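K.L.:
Have a look at this one.
The values are calculated or read from the model by the stated rules, or taken from the named source; none is laboratory data. No experiment lies behind these values; they were computed from the predicted model shown. Positions of Cβ are generated from backbone atoms using ideal geometry, with glycine treated the same way; all protein chains shown enter the neighbour counts.
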Amino acid sequence: MNEVEVLFILNQLEPKFKSVLYQTSPDFREDLEQDLKERVINIIQNNKMRDVPSFFDFYNDVLM
């Protein structure tokens, strides 16, 4: 993935980051936000994202 795609994903996750960060002390929010973004970038760059199975794929894999 290129830089633009990574930034797009981070921007899409920004509301979730903010909601999670409000659950922690204001003193640690900035550091935690940086750490979260760094981890997301590492996951994206290492292709650790996987395809989410459809309901029927999940059903067949788990229940069959």
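K.L.:
What residue, among those in the range 19-64 that are among the basic types (Lys, Arg) and within 13 Å of the chain's Cα centre (by Cα), is surrounded by the most Cβ atoms within 10 Å (Cβ to Cβ)?
P.N.:
Filtering first and then ranking leaves Lys37.
K.L.:
Residues being small (Gly, Ala, Ser) and modelled with pLDDT under 90: count how many of those fall in the range 9-64.
P.N.:
1
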